[in-house]
Every structure is written in structure tokens, then in C-alpha cells.
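For reference, the structure is listed below as C-alpha cells.
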Amino acid sequence: MSKQKKECFGGFNPFDLLSEEIIFMILDLLNRNPLDKKSFSLVCKSFYATEAKHRRTLKPLRQEHLPAILCRYPNITHLDLTLCSRVTDTSLSIISNACTSDLRSVDFSRSRLFSTSGLLGLALNCKNLVEIDLSNGTELKDSAMAAVAEAKNLEKLWLARCKSITDLGVGCVAVGCRKLRFVCLKWCLGVGDLGVGLIAVKCKQIVYLDLSYLPITNKCLSSVLKLQHLEDLVMEGCFGIDDDSLAVLKHGCKSLKSLDVSTCQNITDSGLSSLISGAEGLQQLTLAHGSPHLVMLQVTSSLADCLEKLSLLQSVKLDGCLITYDGLKTIGNWCLSLRELSLSKCLGVTDEGLSSVVTKHKDLRKLDITCCRKITNVSVAHITNSCNFLTSLRMESCTLVSREAFGLIGQRCHLLEELDLTDNEIDDQGLKSISRCSKLSNLKLGICLNITDEGLIHIGRGCSKLIELDLYRCAEITDLGILAIAQGCPGLEMINIAYCKDITDRSLLSLSKCSWLKTFESRGCSLITSLGLTAIAVGCKELSKLDIKKCHNVDDAGMLPLAHFSQNLRQINLSHSSVTDVGLLSLASISCLQNITILHLKGLTPSGLAAALLACGGLRKVKLQAAFRWLLPHRLFEHLEARGCMFQWRDKVLQVELDPKCWKLQLEDPMP
Amino acid sequence: MDLKERLSGELQKKVPEHPSFPNFNTQHQQKWEDPSILDYSTRIEPPFHVFSQTSQTQSSLPRNPNNQIKVRGQDGPVNETLLSNKVQDWDPSAMLNNLSFLEQKIHQLQELVHLIVGRRGQVLGRPDELVAQQQQLITADLTSIIVQLISTAGSLLPSVKHTLSAASPSIGQFGQFGGVVFPSGQGQNGGVQPQSAGGSRISEQPNSFDVSSNGGNEQNHIIEEHELKDEEDVEEGENLLPGTYEILQLEKEEILAPHTHFCTICGKGFKRDANLRMHMRGHGDEYKTPAALAKPNKESSSEPTLIKRYSCPYAGCKRNKDHKKFQPLKTILCVKNHYKRTHCDKSYTCSRCNTKKFSVIADLKTHEKHCGKDKWLCSCGTTFSRKDKLFGHITLFQGHTPAIPLDENKGSAGPSDHRGDSNQAINKVGSMNFNFSSNVSSEGGVQSSVDVKGGIDDPAGYFSPLNFDTCNFGGFHEFPRPPFDDSENSFAFLLSGSCSYSQKSGED
């Protein structure tokens, strides 16, 4: 574009008139595709320089690039290292010396190999560091936390799964980082009451606190609940907290907006009531997979009283709870109006119970009744009748709902954006009705054996905003249906046509027009060949996940274009395909390829595999057949592991693919 | 005197053999362990003890032992003057306490300096700024320790000062003493910046001494308070108005005697209850019945009697009735424990760590229960036997933070180790020659080499252009650096090499 203009104006460059601010504003809008900015910077030297100055966020592929890119981009504030599995202390010192006080946020959640001294340098040099994500740092010790504690301005800290950290480390952080507002300590199994208590005492500004799966008791909880600004408290799976200990807490936390006590097996109604007493601003309550004794909201008057006071409550999640008719009726009798309700996998949900809830809570926006297997058309009728504003309805495996009922959904809930009908009886008529939901962006139709191309053509015509479509094991679907989708839904980003056995290359050719396609899964589509895959590779530049397991007709000829065009490919599954050493080796030219699964590749030899593994520098996870473990030198794997690659060894015997109908029958058979 | 001579003789003998004193020191202690000896001859002894201790602490430093010997030599007359003048004013056990505190502090100093040395290693290659910051931190720590040292050292003085106030040598001696203690701290700094700060402290020293000499004892208290049993701490909060209670003061001999029966009126102790009862008769006829003995307070509740509180016989102690902020002790047991803990020799040494010493055997037993287990350390240097105590302390004090044990630092601070490891792995791979066919044949048995050959013979000819054996694996020697800088170009040659493919991709 700029070249043309330059020619028009002769020697004069009109871009000289554009101030940097204006170009910056334009660049601000170039967000959707990271490659856009790349092309922009390639236009000319000044654009290159401007873009380099403008960029604030970096997500490098390898740590080896860091010195160069940090030199090119001087104003980086956010550094996302999730693609670099190896980040050594040397890299950290490069970062801390290059970024100094500009750097505000770093993400190490997927990186390993750095240690205390690197972190110390970072904390001391980058004075304005506000966010650090150290999740999954299972090797980090307390001394690393002492280093983090030097980052005095830290506001957000993620330490999920840092299993080697103890109270001492957390204590150092608590004393050092007084401005902390977001703290995640999930799965820090070495941290107990003392550490959490100290954080609560020292960091008064905390807004978000995740204490999931910590061995804590009410000892620290009393100081946690005294936090003046605490809005979000997550205590999933805290088994040490029980009713008796909660009963001691006289006052709840006034500022609390969201409370998650999922999987806390020892909290029942009375404990819950003492926990939420006083939290009048509570908006979201998650009690998923709670104690079997959590009879939720039944007669226990204290809890009922507490819940009555929660006038702002909007969202309740009761996934996997033993909820009864009475319980649902109590929810129905609340004077407030819920926006979000999740009853997924609640065994006690019946037509009557659900109806009593939905008829009262007419403002419901999101409803999850996944696996409520007892409900029938009656519930669907009530839901569609009263909750006209639903944007999300998830009802996987509601097998008693007959095919007629799905017509109601399309007729009455026009605002639906997300609809999960996996494993339901819906048919083409139902799909035709659903196609009236023009805002639909996420549609899951997996294992719906009654739908055919006809229904899908309606969806393609009506739901132009579709982003995700799941057609897993919809055996009747053929190329015609996919063509309609490809033509009608240009914004499609994810499609799953696994085990739609009639799909051929024609579908792939048509899907190649969906240029935003990021995830493509076509397991067991044995008619697909390398040709179809080539079309996808050429057309869908954004492709990042590809699963062509059991596509027997895809071979090396499909890999070469993939290697050339799909430069964003992160994850690929090639199991049971006809790809050989050469195809695999060619994939090495995809620099961001991280996960590969290569089981049962007949054409794969040990030496070819070794070459491919060595060539793919960015690999993080490889699923391989266990046999290769002994066929290749051990030191090769040591080397690859030192590069940051993990191996998963599989020893599964080849299974013969079943007909979809048989497959479902087998699924429904009760286990012997 | 006899003893003293023998001791000094022994000392002289020992010195050439063991230029570093610790050995002597321990022997010495064993000799004087028995706390029941209270006659004056033992009183002479502690100075030696004291100095041998200093020598112990300093023997580890690069200090010339001559200094100490000099001090000792000077101290001889001091002792004698002391003896001849007033023995009461001069309590060697208090001094001993102070000195052992000094010893602790010097150890801390040492650790700190070790830390500096350790950090220096790590710090290498970092910007000077960073080093300077760390040095500042360490300087701050050093200064605080030095201040503590000075104030405690000051508390050693009053005894000397009192007795020798007229004699000028005291100042000279003090100067020398300071000269021994402080430079040693500096010497440890080993070229790190804080030297100057330490120096300036010393120059200020003489002014602050008078103040700190009073406070010294108290400070000593505070530091060691966490070790003391609760009973003493608890009544810290008791606010009895002076005059509302009766003060009893037992003599130290009385306190240290192994009595178990005490008179509730005068506090006298007895070994046998019978003797106590006999004694009680002397207080009046009402105490003659055993019933009265059992409940002396109830009977007299009608007429308000004064509550009894106890005073410590040690002059200058906060628990002594003459102290400005006198805080009485509640019971005789409190007196006993207080006196032993604060004013007596710590003669019970922990058999596990051989460093902790106690004067009350119960304290030793409590300590031994936890000794050897995790020590919980605060950044201020205070140690705790229990983690929750440490956290309570940290919660209370601003800026204090848990100290991470050094060995852990060493363990994980080995980034270089880590890197070394991975490098090693890389090098290993580099040295593998990448001769897969041979490697495979050695490990995978029959299949291998045939397999590769088969690959080469493959009708599609896929393998011939790649030729794993000869082609490119030499290039993998470069692994320690980014294996493939940007795989696109680095692998292009391989692909272009595979001519059969360029044709195939032409199809697309």
C-alpha cells in the first residue's frame, strides 16, 4: 500500500506528515492478528522503528531471541514468556538489564530453569514490576520467594503449584510486597495457616485471594476475613476448614463479592452461613462438588436468613451437589433475581424443581443443566417460557428431552450465544428453529446422531456469527453441510468434525475460506487426504491446533505445505496417519510448534524421529510410543529434556474403530 | 588464690599447645560448673572465664592473641582491686552473660560476612548499583549488630568503672578493649564498604556509653526473653501500686539453696517441711496448727493483709526494689528462676548442640526437646524454636522478615550449577557423534541398522537426500547455542536438499 502511494507522490513521502501519535493510534487498533503488526513493521524503515517504539507487549518464542528483541523493542512493559519453556538466569539478567524500570509485568508460568539469583536481579532492577506469574514453578524454593519479596511494588502474584514453597517464603513475600492486591497460592501445598495469616496481616490491599487446596484452617481465615478490600476469595478444596472452625468466625467479610468454596467437603450449611454472614455485597457463590451434607438452602434457618440478606447475589454454582426438590424450591423463593445458575451434574434436579427455579428467576442469562438426566420437555418448556434473555444454555446429555422440545429454544430464546446440545436428541427441525438465534457463536452438537446436512444448512444460513462448532461423531454430516457452514460463517475459529466419516477433501477446501480458523479437528475422517490439508494450510494462516489422528490418507505431501504456510501451528496430532520421517522433519520449519503427538506412525523410524525431535527447537511436549524409548539413545532424550521438552510415553494397542451408532450403543450400555 | 594460680599456670601451659583457645575454655568450664560453690574464691575465677570466652570468640578471627594476653595481664590487678574493695558491686555472672551475648553477636557478624562473601560470588557480573544496594543492606545489618555489641560491651564497664573510677587506667583499658572488639568486627568485613560506618560508630562510642551501660542489662533481657519461661513474662503486666504490697528480699544464698519449702511470711526456705513448720512457730501462735499452715491467707482474709511480692537481691536489676522501675516477682519460684537465669552462671550445656547454656535445668530440658530440630530465624537474628512464634514475631514487628536457611540458599542459588547441568547435558549430546545407526545397533539390538538401511533403500527414496548418517548431524555440535535460530532458514537447506519433495510440493 505504502509503496503505491510513494510512487504517486514521487520523491515526497506523505507519511512524513503523519505524526507518531497518529501512527500509534492506528497501531493500537491492529490487535486481532499479531501478524498484522509484523507486516506493518516490514513496510519501511520508519514504520519498523515506529512499530518497535509502539510495542508494549512481547511474547517471544525462545529465550535465545531475547537479547535481540529487547534491543529492538525498548518500551516493553509486559513480557509473556509462556512460549519459552527454558528461561535461564542468564536470560533473566538480560531482561532485567534491558527493561529496567519499564517492565511492569512478567509471565513465567510455563518456564523453568531459572532460579533465585535471576529473580533477585529482576526484582532489584525492575523497580516498577507490578505483576509476576510464577505458576508451575515447582522447583522454586523459599529463597526464590525472598528474591520476589524485593519487588516492593508488586501488586499481582501468581504462585499456583509452587509446591516447594513454605510459610517462610510466603512470609518473605508478605513482608516485602506490601502493595499486593492479587495473590494466587493455589496448590502451594507447603503453605499453611502461618503464611496465609501473615499475608492477610501484612498486605492490607488484597482484593483477590486464591487459597485453593491449601492445608489451612480457620486460624488464618479470621485474619483473611478482616481484609478490608477483599472481593474475591477462592477456597476450592480446603479440607481443613470445617463447620466447627467456621462457627468461631463471628463476622464475615463485608467487601466480599465472590466466594468459591467448591470441593470443601467439610463445609455444610451452618459453616457456610457463618462464612457469608455480613457479606452483603456477595454477587457470586460457588459451592460446586460440596459436602454430601450440604443440603443447601434447606430448612436450616440461619443459612436462609443469611442468604435473604444477599440482595446483590447474581450467580450461584452448585455443580455436582446433592440438591433436592426442596432446595431448588428455596432458590426459587429467593426475592432476588439470579443472572447465572449452574446445576451441572446435580443428580436431584427434576422437572418440578427446575421449573420452580426458572419461573421465578426470569432474568437468568446463563443456565447450566449439563447431565441433569431426569429433566424432560416440561423443563425445557418452562425455561424457554420464562427465561427469554438466556445467552448461554448448556444441556449436554439431557437424554429424556425429546426432539420436539428443541424447537422451543429457537422460538423463544433469541439472544442465545452459547448452546451446548452435546449428546441430545435434537434433529434437523430443531436445528432449523435454532438457526433463528442469530447471535449464536458457540454451538456444540457432538454425538447428536439425528442431525443431517439439512439442519446444518439452516445453521449456516442463520448463524453467521458462529465461532465454534462441534460436530463430533455426527455421522450423517457430509460435505454439503460443511460447505453451508463454511459459506455462512466466515468468522469460524474452531471446528470439530471428528469421526464424521463421510467428510472428504471438498469440506476442507470449503473450510479453507474461513481465514480465522485456529483449531481444526478431523479425527478418523479417513477420506481426507493431503490435498484437503494443503488447502487448509494455504487458506487458514491462523491455524494453531490441528488434529488429524486416524486420517489414514494424510501423508508427507500434506505436511510440506503445512510446514510452509502454517507458521502459527502450536499443536499437532499425527497419530495413525501415513506421515513418515520426512513429513515429520519438515514440520521443524514451524518455529512455534510445541506439542506433537505421534503414535502409531508406520513410516516413522528411530533415526527419523531423532532428527525431527532435534530439529524442532521449540518442542515442549511430545507423546510417543514407548517402544522408541529403548530404540533411541538415552542421552538424546536427556538433551531434549534439557532443552525444555517433556516426553509422554504411550503403550496403547491399536483399536479398531467402531461405527458411530455402535459406539453410542456401547456408551449407553451399563458397565458390567 | 590457689586456684587462680593453678589456672593461670594451666593456661600458660595450654597456650603454646593450642594457640586457639577453645580447648582450654571448655576444660575450664567443666571445672567450674558446680554452681553451689559460692565462696569468694570462685568469684575470682569468672574473669578468667570471661576472658577465655572472648578469646574463644576471637580466636577464630585473624587476631593476634597477644592482645588478649595483654588485656588479661592488665585485668589481674583489676581483679585484685575489686576483691579488696567491694565484691558486691561487681558481678561476674552478669558480665559473663553480657560476654556470651557479645559472643553470639560476633557469631552473627561472622555469618553476615560469610553471606557477603557468598553473595559476592553471585553478584559477579551484575551492575555495580545492585552490589551497592546489597552492601547498603548489609551495612545496615552490620551497624545494628555493632550498636548492640557496643551497648553490651558498655554494660561490662560499670563494674570496672565503679571500682576504678579514680584510676585513669580504666579509660586506657577501655580503649584497648574497644580496640579488640570493634576492629575485629571490621576485620571481618573483609574489604566490604561498611568499614567506614563501623569506624564512625566507634568514634561516637564514648558518649553513648554511659547511657548504654545502664541499659545494657535490660537489653540483654529483651534479647533473651523468648527463652525464658512464661511465668516471669506474664506478671510483666501486673501493675501494683507501690506500697500496696509487701516486699520480701531473699539473700542469694537462700535463693540458690536447693530448698523446696518456703515460709510464706518471710520467704525463708527449708529442705524439709518439718523444719518449715518449726520455723512457722516463730511467726506466732496462729501458725502452730497444721490447718493454719495449709491456708494461711483464708484465715487472715478478714483483716486485709498486704500482698507479698519479692525482690531480687541483685543491685541494679529491674526486679530489685531499689530500681526506678521496679517490677516485683510474684512467687519464690519466680525469684529462684529469675535469679538463676539472669544473674547466675549458665552451667547446664545442651548435650546436643553444645552451645546453648542454661542456668535452670528445666529450661535445658525444654530446649533439648527441640534442639537439633528446625531453627526458625528472623531477619533480625532472633531465633525461635517454633515456627508460629517466629510468625508471631514477624506479625508484630515492621520490616522483620523470615530468614531463609542458608543451606537452602546454597542449594537453589546454584543457577550456575543448573546451567552447568543443562550445558553438560547439551555437551553430552554434542559429543554423541549423532551416529544413530551405530548407537541404535548397540542398544536396540537386531532391528536398528537394518532399519536405517531399509530407509535408504526405500523405493520412494525419501531417505537418500537426507542421509542422516553423513549429512547434517555434524552440525548439531553447535547445540549449546540456539539450536536453530529461526528454524525457517536453518532447515530450508535440508528441505531443498530433498529434491524429491520440491517436486511433490509443486503439486500444491
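The values are calculated or read from the model by the stated rules, or taken from the named source; none is laboratory data. Predicted, not measured: the structure shown is a model, and the values here were computed from it. Cβ coordinates were reconstructed from backbone atoms using ideal geometry, including for glycine residues, and neighbour counts include every protein chain displayed.
Of the residues making up segment A:87-104, those that are part of a helix (DSSP H, G or I), surrounded by 21 or more Cβ atoms within 10 Å (Cβ to Cβ) and more than 10 Å from every other protein chain (Cβ to nearest Cβ) number 3. Take A:S344 and decide whether it is in contact with a strand residue (DSSP E or B) (Cβ under 9 Å, 6 or more places away or on another chain) and part of a loop (DSSP other than H, G, I, E, B). Here the answer is yes, as A:S344 does meet what is asked. Pick from B:H261, B:H279, B:H323, B:H283: which is modelled with pLDDT of 70 or more, over 30 Å from B:K365 (Cα atoms) and within 40 Å of the chain's Cα centre (by Cα)? Only one candidate passes the filter, namely B:H323. Taken residue by residue, segment A:524-531 has no member that is of a type in the set (G, A, S), within 28 Å of the chain's Cα centre (by Cα) and either outside any loop (DSSP other than H, G, I, E, B) or under 25 Å from A:S441 (Cα atoms) (or both). One residue stands out in segment A:556-572 among those that are touching a strand residue (DSSP E or B) at 6+ places or on another chain (Cβ under 9 Å) and surrounded by fewer than 21 Cβ atoms within 10 Å (Cβ to Cβ): the one that is nearest to A:S591 (Cα to Cα), namely A:R570.
Has segment A:558-579 got at least one residue that is part of a helix (DSSP H, G or I), polar (S, T, N, Q) and within 12 Å of chain B (Cβ to nearest Cβ)? Scanning segment A:558-579, I find no residue that is part of a helix (DSSP H, G or I), polar (S, T, N, Q) and within 12 Å of chain B (Cβ to nearest Cβ), so the answer is no. The residues of segment A:611-648 that are of a type in the set (A, V, I, L, M, F, W, C) and more than 22 Å from A:S111 (Cα to Cα), listed by number, are A:A611, A:A612, A:L624, A:A626, A:A627, A:F628, A:W630, A:L631, A:L632. The residues of segment A:387-420 that are of a type in the set (D, E) and within 22 Å of A:I467 (Cα to Cα), listed by number, are A:E396, A:E417, A:E418, A:D420.
Counting the residues of segment A:478-509 that are under 28 Å from the mean Cα position of the chain (by Cα) and within 24 Å of A:I426 (Cβ to Cβ) gives 17. Between A:D423, A:D427, the distinction of being acidic (D, E) and over 27 Å from the mean Cα position of the chain (by Cα) belongs to A:D427 only.
Counting only residues that are surrounded by fewer than 24 Cβ atoms within 10 Å (Cβ to Cβ) and touching a Ser or Thr at 6+ places or on another chain (Cβ under 7 Å), segment A:573-589 holds 2 of them. Annotation: of all residues in segment A:580-598 being part of a loop (DSSP other than H, G, I, E, B) and over 19 Å from A:E641 (Cβ atoms), the one that is nearest to the other protein chains (Cβ to nearest Cβ) is A:S591.
Residues in segment A:599-617 that are more than 8 Å from chain B (Cβ to nearest Cβ) and surrounded by fewer than 24 Cβ atoms within 10 Å (Cβ to Cβ): A:L599, A:H600, A:L601, A:K602, A:G603, A:L604, A:L609, A:A612. Inspection of segment A:245-259 finds a residue satisfying the criterion of being in a strand (DSSP E or B) and buried (at least 21 other Cβ atoms within 10 Å of the Cβ).
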